[in-house]
Amino acid sequence: MPIKTKNILNISAGELDRAYRALETDIGVEIERMRVLGISDDEIYSRLEASLTNNLGSFGKFKGAIEKEFDIILGETAQVESNQVFEGTKEELKWELDPTAQEHCPDCLDNSEEVKTFDEWSMIGLPGMGNTQCGTYCRCTLTVSG
Amino acid sequence: MNRERHVRFVEELGDLQDKQGKRVSRMLSRALLKIIRGMERKPSKIVKVLRVLRRKIMKEAVIEMAKAQLKAKKLGKELGEEKLADKD
């Protein structure tokens, strides 16, 4: 079953929503904690504003989650598009390692020694689809062998 | 496909991820700051308002994500087409 980029977007949209809900919870907990410590509303407000301005605490965590999700969706999408040109072909494809990586994960190193059709690679996991130890950060690609 | 082309793809993708992720997180931070500053220094209201505005804020973020995804799609498609052309 080919991966559709719309499905990737739906999953990432769900992750964004989850990150936002976690922010709501975290801020609620932070406020309660400060109240228990006897901190005034005015001071709580100032601290929250400072945290947001400087990307600290819950806000920093939220920002990190958003940026991570963008890394995942854009990486997966580009990889899906670059590899799916071979869908439906019987070409013998080799796994080209990421030329910019200093080191490669064991799965990519193993895959780089194999030649398979698109369907066979799909069963194992296409580059960047998260089936290797380097996960969705994989920037290897498939090319026609020979 | 030559090595340089693959390098270019990885670099352009990394650049896109970095720029778009930061752009949208900044956009969300500005929206949150606006909410917090509109709370007249009353923390009790913040969580409630965040909850009420969740759908609106996240809708904007998903729209931006979809636009960025189109750019990533283009990068991947161009590489894919070149890989196919190399076959011939």
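Stokes-Einstein at 25 °C, 0.890 mPa s, Kirkwood radius from Cα pairs: D for the protein assembly as shown in µm² s⁻¹? All intermediate terms of the calculation are to be shown ahead of the outcome.
On the way: Rh = 19.5 Å.
In µm²/s, the coefficient is 126.
Please list 3J(HN,Hα) in residue order for the range A:74-80, calculated via the Karplus relation 6.51 cos²θ - 1.76 cosθ + 1.60 where θ = phi - 60°; whole Hz, with x for glycine and proline.
Karplus-based 3J(HN,Hα) across the range A:74-80 equals 6, x, 4, 4, 4, 5, 4 Hz.
Per-residue Cβ counts within 10 Å, from other chains only, averaged over B:3-15: what number is that? Intermediate results must be reported in sequence, preceding the final value.
On the way: counts 3, 1, 2, 10, 4, 2, 8, 9, 2, 1, 9, 5, 0.
Mean shielding count: 4.
So what is the calculated 222 nm ellipticity per residue for chain B, using -39500 (n - 2.57) for each DSSP H run with n of 4 or more, over all residues, to the nearest 500 deg cm²/dmol? The partial results should precede the final answer.
Values: 2 runs with 80 residues, N = 88.
Value at 222 nm, helices only: -33500 deg cm²/dmol.
Listing A:85, B:24, A:29 from the residue with the fewest other Cβ atoms within 10 Å to the one with the most, what is the order?
Placing the least packed residue first, the sequence is A:29, A:85, B:24.
As I understand it, the value is the acute angle between the Cα axis of helix B:43-87 and the longest principal axis of the Cα atoms of chain B; what does it come to in degrees, rounded to 10?
For B:43-87 against chain B, the angle is about 0 degrees.
Pick out, from A:44, A:22, A:131, the residue whose Cα sits farthest towards the positive end of the charge dipole of chain A, with +1 on the Cβ of Lys and Arg and -1 on the Cβ of Asp and Glu.
Looking along the dipole axis, the top candidate is A:44.
Kirkwood hydrodynamic radius of chain B from all distinct Cα pairs, in Å?
15.8 Å
Test of understanding: ordering A:12, A:82 by Cβ neighbours within 10 Å, fewest first, what list do you get?
A:12, A:82
Could you tally up the Lys pairs in the range A:1-103 with alpha carbons closer than 30 Å? Skip any pair fewer than 8 positions apart unless they're on separate chains.
Value for the range A:1-103: 11.
Read-outs: derived from the displayed coordinates by stated rules, not from any lab. From a predicted model like this one, the values you see are computed outputs, not experimental measurements. In this analysis, Cβ positions are derived from the backbone assuming ideal geometry, glycine residues included, and neighbour counts consider all displayed protein chains.
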